[in-house]
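Student: Quick one: the structure is below, questions incoming.
The values are calculated or read from the model by the stated rules, or taken from the named source; none is laboratory data. What you see is a predicted model, and the numbers here were worked out from it, not measured in a lab. Reconstructed Cβ throughout: ideal geometry from the backbone, glycine too, with neighbour counts over all protein chains shown. For accessibility, only protein heavy atoms count, side chains too; no ligands or nucleic acids. Shrake-Rupley method; radii C 1.70, N 1.55, O 1.52, S 1.80 Å.
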Amino acid sequence: MFMLRNFTTVLFIILIQSLCAQGVQILEAPENLQLYARDASDSAIVTIRGKLKKGVEYDSIRLDIYKDKQAYSSESVVCNNKTFLINSRIDAGLHQFRFELNLIKDASEQIMVLADSVVCGDAYIITGQSNSHASSEQSSYCNPFCRSFGVKTGYEAYNDQDKKVRWGLATGNCEGLKGIGAWFKKNRFGVGAWGMELMHLIVENYQIPVCIINGGSGSSSIEQNMLATPEKASLETSFGRLAYRVDQAGLKDKVKALFWHQGEANSKFQQSKSIPENNYRIYSENFDILYKDWMSVYTGVKKLYLFQLHPGCGGDYQSEMREIQTQIASRYPDIDIMSTTAVPGHDGCHFSYEGYCEFAKRIFPLVARDFYGEKQIGVITPPALKRAYYSDSDEITLLFDQTVEMDSLCEVNGIRHLIKDQFFFDEDKKANRVAHAYVHDNKIVLQLNSGQLYQKITYLPNRYYQHTEDVYNGPWISGTNGIGALSFDKRNIEAKETIGEENTLWHGYKMLTSSLNGVNYKIVFPKEANDQKNWIWRARFWGHEPQTDIALLQQGFHLVYIEVGGLYGSPKALNIWDDFYDFIIKNYQLNSKVVLEGMSRGGLIVYNWANQHADRVACIYADAPVCDFKSWPAGKGRGSGSAQDWEQCLKVYGLNEKQALKYNGNPVDRVKNIAKAKIPVLHVVGDADKVVPVSENTALLQKKMNKYGWDLTIIHKPGVGHHPHSLKDPRSIVEFILLHTQNQFKYNI
């Protein structure tokens, strides 16, 4: 294989020299084994460009393309001013293309092969420190549709010989390697063991050629992976060498995603101000800089996949580093985090070949979902802690985002390590605080040895089992999908949930006002609850145009509200709604299906939450609803917008304006689950609304619903603007809600 790769490089040089001998200078052309990145049309443009030398004449030049050795296309051009240009498209898929240039003069032809084995597919980048690029002699998979470019160098400079290495077949091995390694060795077309397995999964499952360019450097800090410093030339840095290879491959604006596995080298704390590197406390800040650098260079990147560290080699602040990585992923909507807990074959720093294959198997479903249209069946992410709270005076409940399982113990070097001892409280990091631990669905309940009140909780020691020098390797918390849970460090523990006691009257009905997890809420009780125990959940502008709410209270509905208006339907708002829904169901035993009421910006949270929880929604009443934050508050269409609200909206989503304008998580983008569940929807809109224009919100939402075979009912108010909301006589709104909650009028309104 090594000889084949060298041969293709030499062959390309010989062919170009041959063309030059015929008086033709090629300025742009495909190379042997090159991968062109496919575009939205599932194909790629290949450009052939050149010129004739002085005194050389040809009648025409013809480009013949062969697909899998069969004629594919042919195009002839006449040289104008001694130059020629031919653009051709090639299809994506498991096909190889051959390009032949025919020089025609006086009915005779000279055939020159420009390139062979050219493919069209997808490109990715892997980078970081040693676990990002580990090679293995067991990584024997080879496929003609798995490509890479250039030399993976580690820390070595990129010399003139390296620059001559162009396209080749990707490998997860390294010449002369025994076992796992090649941490600091130059490796032509090396993508690492798990990079190779990821290519294997993509090619075999989706029949698409793949290029991975791996720029990992063993033991490198985040600082060493950042953009070149002024005193260093680009090819003297890891960032510069990777960017050079991607640029030379013609892929700088066509890479789909970047995979980042790094952090061990930064799990330290330097007291000296003169040695800021490797300091975990500035990791998050440096990541933000690195992220911007990546996005400025690799402008086509749509996703970034980040691996949370496994306890092991590194400094004394690995728990903190893992938590920082989780928080980074939560800040960026285009970053997904994957755990390495419960991955087999960990030796204290690196993994076995089987362990690296597990890396690929875990991340592949996310890639399949994001880039290959794979419908998610089951949970494909690692369990993540949503909240921790006292469920009793001596009991703490950990609430995860999915059903979890838990090992009871793991024996290492003759010592039995219990899962209950892997939880640590406040700053002391001492074990034996938990008497018993058990799992119930998506909750882990920790029964404490005492009634001592703790403020913070950590899952997993820094790197060693308590009172040993053995690197931690289980027991683990995992999802039912077998993926280990993300570890967490010093998360806040909430005080025991209590139901507030402040009661007042609202339009003659008893109202309770309190807070849950620091967020204010209201519950208004009907004088007599209906048989269905129905409730309506108002999303915004409490008490404004209350006629529908009052009418439903008369029909035996409960009315609830929690304040998330300043969060614009963001993930944080959704988490608050999730917790509040659980709280209402648990404490008041109301109907599992709720009526949602979204007024103006309330449309964002109503639709985002309903699309996540379609099984919990009876129907939706939306009044002049915002369905796309690009319309309001951004004001990027016909609407007036709100600069102050737009600034706040960007902040809570963790986006800059460029990212926000490409964001596809607005209601107008995501109503599929609502439509598939056939949830009844009613909109009341003012046709002259200049704040939340109907054409940019309700109309687009309706169009997207129609695409999925569903529709909504719209009540138009001709000549009316954004205000007044609702209807003076709400009967038609109330009738809609009663119809879809299986109720009839109990009292006239």
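Student: Condition first: β-branched (Val, Ile, Thr) and in a helix (DSSP H, G or I). Now tell me which residues in the range 649-695 satisfy that.
Tutor: The answer is Val652, Ile674, Val694.
Student: To continue, here is another question. Within the set of pairs 6 or more residues apart or between chains, which connect a residue that is open to solvent by 50 Å² or more (accessible area, probe 1.4 Å) inside the range 36-60 to a residue that is among the acidic types (Asp, Glu) with Cβ atoms less than 8 Å apart?
Tutor: Arg38/Asp122; Asp42/Asp91; Ile45/Asp39; Arg49/Glu28; Asp59/Asp106
Student: Counting only residues that are open to solvent by 40 Å² or more (accessible area, probe 1.4 Å), out of contact with any Leu (no Cβ under 8 Å at 6 or more places or on another chain) and closer than 13 Å to Leu559 by Cβ, how many does the range 507-526 have?
Tutor: Residues in the range 507-526 being open to solvent by 40 Å² or more (accessible area, probe 1.4 Å), out of contact with any Leu (no Cβ under 8 Å at 6 or more places or on another chain) and closer than 13 Å to Leu559 by Cβ: 2 in total.
Student: Which of the residues spanning the range 527-548 are in contact (Cβ under 8 Å) with a residue 40 or more places away in the chain and open to solvent by 30 Å² or more (accessible area, probe 1.4 Å)?
Tutor: Hits for the range 527-548 are Gln532, Lys533, Arg540, Phe541, His544, Glu545, Gln547.
Student: Then there is this: Can you tell me which residue among Leu661, Leu655, Leu682, Leu712 is under 30 Å from Asp288 (Cα atoms), buried (at least 16 other Cβ atoms within 10 Å of the Cβ) and either over 28 Å from the mean Cα position of the chain (by Cα) or modelled with pLDDT under 95 (or both)?
Tutor: None of the others qualify; the one that does is Leu655.
Student: In addition: Mind checking which residues of the range 303-326 are open to solvent by 10 Å² or more (accessible area, probe 1.4 Å), in contact with a helix residue (DSSP H, G or I) (Cβ under 7 Å, 6 or more places away or on another chain) and either closer than 18 Å to Tyr464 by Cβ or not in a strand (DSSP E or B) (or both)?
Tutor: Matches in the range 303-326: Cys313, Gly314, Tyr317, Glu320, Ile324.
Student: Can you tell me which residue among Trp646, Trp609 is assigned to a helix (DSSP H, G or I), touching a residue at least 12 places away in the same chain (Cβ under 8 Å), on the phi < 0 side of the Ramachandran plot and surrounded by fewer than 23 Cβ atoms within 10 Å (Cβ to Cβ)?
Tutor: On inspection, the qualifying residue turns out to be Trp646.
Student: Here's another thing I want to ask about it. Looking at (1) modelled with pLDDT of 90 or more; (2) assigned to a strand (DSSP E or B), can you tell me which one Pro461 breaks?
Tutor: The single condition Pro461 does not satisfy is (2).
Student: Given the conditions (1) of a type in the set (D, E, K, R); (2) open to solvent by 50 Å² or more (accessible area, probe 1.4 Å); (3) free of Cβ contacts under 8 Å to residues at least 60 places away in the same chain; (4) under 30 Å from Leu52 (Cβ atoms), which single one is not true for Glu137?
Tutor: Looking at each condition in turn, Glu137 falls short on (4).
Student: Determine, yes or no, whether Ala182 is free of Cβ contacts under 8 Å to residues at least 60 places away in the same chain, crowded, with 17+ Cβ neighbours inside 10 Å and on the phi > 0 side of the Ramachandran plot.
Tutor: Yes.
Student: Looking at the structure I just gave you, is Pro475 buried (at least 21 other Cβ atoms within 10 Å of the Cβ), closer than 30 Å to Gly348 by Cβ, in contact with a strand residue (DSSP E or B) (Cβ under 8 Å, 6 or more places away or on another chain) and in contact (Cβ under 8 Å) with a residue 24 or more places away in the chain?
Tutor: Considered against the rule, which asks whether it is buried (at least 21 other Cβ atoms within 10 Å of the Cβ), closer than 30 Å to Gly348 by Cβ, in contact with a strand residue (DSSP E or B) (Cβ under 8 Å, 6 or more places away or on another chain) and in contact (Cβ under 8 Å) with a residue 24 or more places away in the chain, Pro475 comes out as no.
Student: Looking at Pro724, is it open to solvent by 70 Å² or more (accessible area, probe 1.4 Å), in contact (Cβ under 8 Å) with a residue 12 or more places away in the chain, over 26 Å from Val564 (Cα atoms) and of a type outside the set (A, V, I, L, M, F, W, C)?
Tutor: So Pro724 fails the test.
Student: Here are Asn87, Asn81, Asn131, Asn143: which of them is open to solvent by 10 Å² or more (accessible area, probe 1.4 Å) and under 23 Å from Leu258 (Cα atoms)?
Tutor: It is Asn143.
Student: I'd like to know if the range 335-350 contains one or more residues that are crowded, with 21+ Cβ neighbours inside 10 Å, part of a helix (DSSP H, G or I) and hydrophobic (A, V, I, L, M, F, W, C).
Tutor: Looking through the range 335-350, none of the residues is crowded, with 21+ Cβ neighbours inside 10 Å, part of a helix (DSSP H, G or I) and hydrophobic (A, V, I, L, M, F, W, C).
Student: Give the residue that is surrounded by the fewest Cβ atoms within 10 Å (Cβ to Cβ), with candidates limited to residues of the range 146-179 that are small (Gly, Ala, Ser) and under 27 Å from Glu264 (Cβ atoms). Working first, answer last.
Tutor: Filtering the range 146-179 for residues small (Gly, Ala, Ser) gives 148, 150, 154, 157, 168, 170, 172, 176, 179.
Next, from what is left, pick out any that are under 27 Å from Glu264 (Cβ atoms): 148, 150, 154, 157, 170, 172, 176, 179.
Values: Ser148: 30, Gly150: 25, Gly154: 22, Ala157: 11, Ala170: 26, Gly172: 33, Gly176: 8, Gly179: 12.
Checking each candidate, the answer is Gly176.
Student: Checking Leu553 against (1) modelled with pLDDT under 90; (2) over 26 Å from Asn611 (Cβ atoms); (3) assigned to a helix (DSSP H, G or I), which test does it fail?
Tutor: Only one criterion is unmet by Leu553, namely (1).
Student: Follow-up question, since we're still on this one. Would the range 432-445 turn up any residue that is outside any strand (DSSP E or B) and basic (Lys, Arg)?
Tutor: So far as the range 432-445 goes, yes, one or more of its residues are outside any strand (DSSP E or B) and basic (Lys, Arg).
Student: Moving on. Select the strands (runs of 3 or more DSSP E) contained entirely in the range 45-111, then report the ones holding at least 1 residues which are more than 29 Å from Pro144 (Cα to Cα) and over 49 Å from the mean Cα position of the chain (by Cα).
Tutor: Hits in the range 45-111: 60-67, 97-105.
Student: Only one of Leu418, Leu453 is open to solvent by 50 Å² or more (accessible area, probe 1.4 Å), over 31 Å from the mean Cα position of the chain (by Cα) and modelled with pLDDT of 90 or more; which?
Tutor: Leu418
Student: Could you look through the range 240-269, keep only residues that are open to solvent by 10 Å² or more (accessible area, probe 1.4 Å) and among the aromatic types (Phe, Trp, Tyr), and pick out the one that is nearest to Cys349 (Cα to Cα)?
Tutor: Phe269
Student: A follow-up question, please. Where residues in the range 185-202 are without any contact (Cβ under 8 Å) to a residue 60 or more places away in the chain and among the basic types (Lys, Arg), which of them is least open to solvent (accessible area, probe 1.4 Å)?
Tutor: Per the stated criteria, the residue is Lys186.
Student: Now a separate question. Cβ-Cβ under 6 Å, sequence separation 6+ or interchain: first residue in the range 584-596 and touching a residue at least 60 places away in the same chain (Cβ under 8 Å), partner exposed (fewer than 15 other Cβ atoms within 10 Å of the Cβ) and part of a strand (DSSP E or B). Which pairs?
Tutor: Pairs found: none.
Student: Next question. For the range 696-709, name all the residues that are surrounded by 13 or more Cβ atoms within 10 Å (Cβ to Cβ) and touching a residue at least 12 places away in the same chain (Cβ under 8 Å).
Tutor: Matches in the range 696-709: Glu696, Asn697, Thr698, Leu700, Leu701, Gln702, Lys704, Met705, Tyr708.
Student: Can you spot a residue in the range 113-122 that is β-branched (Val, Ile, Thr) and part of a loop (DSSP other than H, G, I, E, B)?
Tutor: Pass one, the range 113-122, residues β-branched (Val, Ile, Thr): 113, 118-119.
If we keep only those that are part of a loop (DSSP other than H, G, I, E, B) too, we end up with none.
No; the residues of the range 113-122 include none that is β-branched (Val, Ile, Thr) and part of a loop (DSSP other than H, G, I, E, B).
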